[in-house]
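This report refers to the structure that appears directly beneath it.
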Amino acid sequence: MPKDYKTMWSGLDMNLTAHEGLLGVLTDAYKNIYLSQRNRPEGMKYFDFVISEVHGLRIEEILEAKKEKRKVIGTFCVYVPEELILAVDGVDIGLCAGAEVGTDEAEKYIPRNTCALIKAFMGFKLAGLCPYIQTTDLIVGETTCDGKKKAYEIFNELTGGKVYVMEVPNKKDADGLLLWRNEVKRFAKKLEELSNKKINLEKLKEASQIVKEKRRALQRLSLLRAFDPSPVSGLDALLINQVSFYDDPVRFTEKLTELCDELDERVKKGTGVTEKGSKRILISGSPMAIPNWKLHAIIEGCKASVVGEESCVGERNFMASLDDGFSSVEEGIQKIADRYMNIHCACFTPNEERMKDIGDMTRRLKAGGVIHYAIQFCTPYMMEAYKAKKVVDIMKVPFLRIETDYSMEDMGQLKTRIEAFLEMMGDGVHE
Ligand code: BJ8
């Protein structure tokens with residue numbers, strides 16, 4: 001019998017009735033989308049377990065950490081340096097939300113035509129449905145897109161002043177880099193004050209190593225998806241990337257490494273989740289926060305494989321490596337800042353590096369088609385679809401542009417468009 005967490009949730013001031021409803025919907029969706037997949041690797045059992053305990057065991061662990069006076073830092077963006085949070089023994093939790101929840105409440109505070117991701121994090125808070133938000137000591141926002149930037153002002157009110165905003169520059173020139181390095185220093189100071197711990201070289205090195213190994217494991221998973229047939233489904237790989245934002249990083253790396261060992265064996269035997277020669281899709285665009293599995297479910301439901309995500313819940317999160325050959329805290333913080341400037345979000349202008357990434361990933365993963373995914377009203381990614389198409393067109397790879405939200409209303413229409421796209425893709429592998 002599953003453990004009863006009601007006392008814990010009510011202690012976190014959550015809406016127990018609505019929460020029970022949400023968990024019911026999520027459990028059903030997970031069964032239908034995930035557990036019905038065939039040929040899944042054994043190693044996915046750990047991730048199934050993590051999901052089954054997403055608001056249970058992990059929250060218990062976080063509350064235990066708080067008893068040990070560790071601080072819980074909620075984040076919304078891959079620009080927030082995880083190394084610094086770990087260097088003060090903090091717990092880093094990604095708070096982005098991927099389900100249509102509390103929308104009516106959220107729309108009392110923000111315009112209807114705001115992206116679903118912003119509406120969802122506001123909605124989860126307003127509807128009393130997110131135990132993670134409730135456990136945070138600090139919530140880190142950032143000046144990336146206008147929607148987020150302004151929503152954080154309201155979110156700060158709703159969370160009793162927990163929000164701290166990092167300024168992310170718009171351009172990656174020398175001035176932008178200087179601004180960012182100073183922001184990262186300011187953030188390190190903030191964490192030291194909050195935790196009452198000074199970042200020292202040993203701690204910074206240790207934290208950098210933990211994050212480096214997590215990134216390495218995610219990079220390894222990404223490389224394994226280049227094989228035909230892919231040894232793991234796009235749905236499972238997406239889930240692993242989503243879990244990477246809130247699981248304990250050391251345990252996550254260990255479990256993902258075990259899974260990758262199993263995938264290596266599958267590759268040697270030519271075992272995959274689909275037939276060899278199945279159509280291979282790269283997805284590029286806005287992030288897919290948990291439990292946003294909509295597009296992958298449609299594509300893989302049509303017997304194609306999603307082989308990569310040029311996205312923050314995907315490659316953008318782990319692609320850049322940190323130069324950890326630093327010998328002082330100051331140098332380390334600067335190298336950390338520089339590493340994060342190497343992420344290619346559409347909030348930057350110009351952002352040619354992202355276009356290069358799309359081309360490189362299409363080639364490396366042998367994708368036969370690219371689907372550009374933008375959350376409705378996500379202006380930066382909707383705009384960049386134009387340039388992304390140009391890059392993919394030059395490679396003579398079919399390109400499909402999709403704008404959608406978290407609702408299920410357009411599922412039928414999307415399925416029809418994706419089926420037609422797969423049909424015209426031809427043999428499906430780009431050499
Ligand atoms: S680095 S993509 S995580 S900002 S979907 S809220 S962009 S309107 S999430 Fe992002 Fe950091 Fe960039 Fe990545 Fe705005 Fe678009 Fe909504 Fe978005």
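The values are calculated or read from the model by the stated rules, or taken from the named source; none is laboratory data. The structure presented is a predicted model; accordingly, all values stated were derived computationally and were not measured. With ideal geometry, Cβ positions are generated from the backbone for all residues, glycine too; neighbour counts draw on all protein chains shown. We work out accessible area using only protein heavy atoms, side chains counted, and drop any ligands, DNA or RNA first. Shrake-Rupley method; radii C 1.70, N 1.55, O 1.52, S 1.80 Å.
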**Prompt:** On the accessible surface of the chain, probed at 1.4 Å, how many percent belong to carbon and sulfur atoms?
**Reply:** 53 percent
**Item:** lysines whose Cα lies under 27 Å from that of Lys6, excluding same-chain neighbours fewer than 8 positions away
**Value:** Lys31, Lys45, Lys66, Lys67, Lys69, Lys71, Lys119, Lys125, Lys162
**Request:** Calculate, in nm to one decimal, what Lys269 and Lys171 gain on full extension: separation in residues at 0.36 nm each, minus their alpha carbon distance.
**Result:** 30.6 nm
**Request:** Could you tell me which of Leu295, Leu63, Leu84 has its Cα farthest along the dipole of the chain towards the positive end, charges placed at Cβ (Lys, Arg +1; Asp, Glu -1), taken about the Cα centre?
**Result:** Leu295
**Request:** Quick one: plug the Kirkwood hydrodynamic radius of segment 300-401 (C-alpha pairs) into Stokes-Einstein at 4 °C, 1.567 mPa s, and report D in µm²/s.
**Result:** 85 µm²/s
**Request:** For segment 118-157, just list the percent of Cα-Cα distances falling in each 10 Å bin from zero outward, please.
**Result:** 27, 60, 14
**Complete:** Here the averaged projected area of the chain, based on the convex hull of its alpha-carbon atoms and given in nm², is 19.7 nm²
**Test item: Cα-centred dipole of segment 99-213, Lys/Arg +1 and Asp/Glu -1 on Cβ, debye** = 340 debye
**Prompt:** Dipole of segment 1-52 (Lys/Arg Cβ +1, Asp/Glu Cβ -1, origin at the Cα centre): which of Thr7, Pro41, Gly24 lies farthest to the positive side?
**Reply:** Pro41
**Prompt:** Using a Cα distance threshold of under 30 Å, what count of lysine pairs results for segment 315-431 when pairs must be 8 or more residues apart or interchain?
**Reply:** 17
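For segment 63-104, what is the convex hull volume of the alpha-carbon atoms per residue, in Å³?
Given the Cα convex hull of segment 63-104, per-residue volume reads 87 Å³.
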**Message:** Give me the dipole magnitude in Debye, nearest 20, for the chain about the Cα centre, with unit charges on the beta carbon: positive for Lys and Arg, negative for Asp and Glu.
**Reply:** 480 debye
**Complete:** From the Cα centre of segment 1-57 to that of segment 157-203, the distance in Å is 33 Å
**Request:** Take the Cα pairs of segment 248-322, get the Kirkwood Rh, then feed it into Stokes-Einstein at 10 °C and 1.306 mPa s and tell me D in µm²/s.
**Result:** 111 µm²/s
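So what is the relative contact order for segment 294-414, in percent, with contacts set as C-alpha pairs under 8 Å and at least six apart?
Contact order relative to length: 21 percent.
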**Request:** Mind checking which of Tyr152, Ala174, Gln134 is farthest towards the positive end of the chain's charge dipole, using Cβ charges of +1 (Lys, Arg) and -1 (Asp, Glu) about the Cα centre?
**Result:** Ala174
**Item:** Gain upon complete extension [Leu201, Met395; 0.36 nm per residue less C-alpha separation]
**Value:** 65.2 nm
**Request:** Output ³J(HN,Hα) for segment 37-43: one whole-Hz value per residue in order, computed from phi by the Karplus curve 6.51 cos²θ - 1.76 cosθ + 1.60 with θ = phi - 60°, and x for Gly and Pro.
**Result:** 5, 9, 6, 6, x, 4, x
**Fill in**
segment 92-137 and segment 210-239 have their Cα centres apart by a whole-number Å value of 28 Å
**Item:** Solvent-accessible area per residue, Å², over the chain with all protein chains present [probe radius 1.4 Å]
**Value:** 43 Å²
**Item:** Point-charge dipole on Cβ atoms (K/R +1, D/E -1) for segment 155-297, about Cα centre, debye to 20
**Value:** 300 debye
**Message:** At 222 nm, what value in deg cm²/dmol follows for the chain if DSSP H runs of at least 4 each add -39500 (n - 2.57) and the sum is divided by all its residues, to the nearest 500?
**Reply:** -16000 deg cm²/dmol
